Structure formats: structure tokens, C-alpha cells
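The values are calculated or read from the model by the stated rules, or taken from the named source; none is laboratory data. Just so it is clear, the model here is predicted, and its values are computed rather than measured. Please note: Cβ atoms are built from the backbone with ideal geometry, for glycine as well, and neighbour counts cover all protein chains shown.
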Amino acid sequence: MIEDDPEFAELLTEYLAQFDMEVTNYEDPFLGVSAGVGNYDLLLLDLTLPGMDGLEVCEEVVRKYDIPVIISSARSDINDKVESLRLGADDYLPKPYDPKELYARILSLLRRYNKTSNQNEVKSEYEIRGDTVYYRGEALQLTPAEFDILSQLIRKQGITLSREQLINESNVMSDSSQKSLDVIISKIRSKLNNPKAIQAVRGIGYKLI
């Protein structure tokens, strides 16, 4: 949970504990994001936070991690709700609400998410552990740029990502050209020993099959 109201956070934590749900709360959004959000099963996110708007946190978390997000906010502006869902949040729960409803929504979301994750795990030959990508169980020796691009493709497997998106969302290629991206893709294909694994979509970009 990233929530700057300690009393409200304590209330939810105590309520969810009776269902064997362990909650860690961060009042500081910067600390919450840097604490490894991806290691948790779900993120409950407030929007009004000190130093960083919750919408910014949502965008960063969705971009970096494969984790379900529930927005928990007292902000009643419909634009906040629309923008949260557009950025990739899975649910929006306006305050005040009954903790029973939160619990029900968490269960529903985790069931759907785990079902999808299990299906993807069966189909995918790729796995990301820390800063290493495993392909068919074997660790790939990748440069930072290759790891960065392949990780993006794995997280969006089967979805076409534009060249601009791959470069703009990269942590190490912000100033690189599209020509450099083509070279990196070529090297990744070679290391996968599977030239058809990454498909070029003409006029758009690439997708991992």
C-alpha cells in the first residue's frame, strides 16, 4: 500500500490481516516505488500523496512492473478515475468505502490476475529474474541495452510495441536512434538463436511471438 494517512492504512492493514493478507504501507511514494513494488501481489494506491502525485506513481508502476493496481482515493473528479484506468490501473475505489468491499475487490482481482498469469506462464518460454533473462531455462548473456529492450517485449509478449515506445520507455536508450534499436534487436535474435522470435511489424515496430 502507498497511503499517506497512517490511521487509515492501519485500519485496512488490521482488517485484511484477519484474512491472512499481509500489508506493507509506505507513506512516502518515492520510498514505496523504490522498495520493489513488483515483489508484491497487489498495490493499493492513494492519489493524493506528498511530493509525487498518485497518477505519476501509477504510470511508473504499470510501466515497470507486472502487478495489479487498485486506486484508493478521496478525489472525486471523474477525470482522475478515467486517467487512472487509462494509465493501467485495474480498479478504482473512491473513499470512503467499507473494508469489506476492498477485500472483495482484492480477491476478485487476484483470481483473475493469477489465472491470466498461469496461462501466460505455460505459453511463455521467457522468464525475467532480477537483471537476467532466461530463455527455455537458460540464462542469456545480454548487454544492458539488450536486456532493457527484451524485457519490454517479454512483458508485452504478443503485443506490437512501436519503435518510439521501445526507445522512450527504455532506461538506457533515451538518446539512441531507431537504427541503434534495429541493431539491438538483431543481436537479441542471434542470442536467442531464433530469428523468428521477434517479429518486425512494418511501419510500426516489433513484437515478441
- Identify the residue in the range 84-99 that is closer than 21 Å to ASP4 by Cα and assigned to a helix (DSSP H, G or I) and, among all such residues, is farthest from the chain's Cα centre (by Cα). PRO99
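Give the number of residues within the range 60-82 that are of a type in the set (Gly, Ala, Ser) and under 19 Å from the mean Cα position of the chain (by Cα).
Pass one, the range 60-82, residues of a type in the set (Gly, Ala, Ser): 72-74, 76.
Applying the additional criterion that residues be under 19 Å from the mean Cα position of the chain (by Cα) yields 72.
Of the residues in the range 60-82, 1 are of a type in the set (Gly, Ala, Ser) and under 19 Å from the mean Cα position of the chain (by Cα).
Of all residues in the range 63-84, which are of a type in the set (A, V, I, L, M, F, W, C) and under 14 Å from ASP46 (Cα atoms)?
Pass one, the range 63-84, residues of a type in the set (A, V, I, L, M, F, W, C): 67, 69-71, 74, 78, 82.
VAL69, ILE70, ILE71, ALA74 - these are the residues of the range 63-84 that are of a type in the set (A, V, I, L, M, F, W, C) and under 14 Å from ASP46 (Cα atoms).
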- Item | Out of LEU44, LEU55, LEU102, LEU109, sole residue that is outside any loop (DSSP other than H, G, I, E, B), at pLDDT 90 or above and under 30 Å from GLU127 (Cβ atoms) | LEU44
- Query: Can you name the residue in the range 181-209 that is part of a loop (DSSP other than H, G, I, E, B) and among the charged types (D, E, K, R) and, of all such residues, is surrounded by the most Cβ atoms within 10 Å (Cβ to Cβ)?
  - Reply: LYS196
- Residues of the range 66-81 being in contact (Cβ under 8 Å) with a residue 24 or more places away in the chain and under 22 Å from PRO50 (Cβ atoms), which ones? VAL69, ILE70, ILE71, SER72, SER73, ALA74, ARG75, ASP80
- Query: Quick one: how many residues across the range 129-162 are modelled with pLDDT of 90 or more, closer than 17 Å to GLY38 by Cβ and not in a helix (DSSP H, G or I)?
  - Reply: 3
- Query: Quick check, is TYR26 of a type in the set (Phe, Trp, Tyr) and closer than 27 Å to LEU150 by Cβ?
  - Reply: no
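Looking at the range 10-33, is at least one residue part of a strand (DSSP E or B), outside the structural domain of ARG155 (by TED's automatic domain parsing) and touching a residue at least 40 places away in the same chain (Cβ under 8 Å)?
Our first condition is that a residue be part of a strand (DSSP E or B); within the range 10-33, this holds for 26.
Remaining after also requiring outside the structural domain of ARG155 (by TED's automatic domain parsing): 26.
From what is left, the residues that are touching a residue at least 40 places away in the same chain (Cβ under 8 Å) are none.
Taking every residue of the range 10-33 in turn, none turns out to be part of a strand (DSSP E or B), outside the structural domain of ARG155 (by TED's automatic domain parsing) and touching a residue at least 40 places away in the same chain (Cβ under 8 Å).
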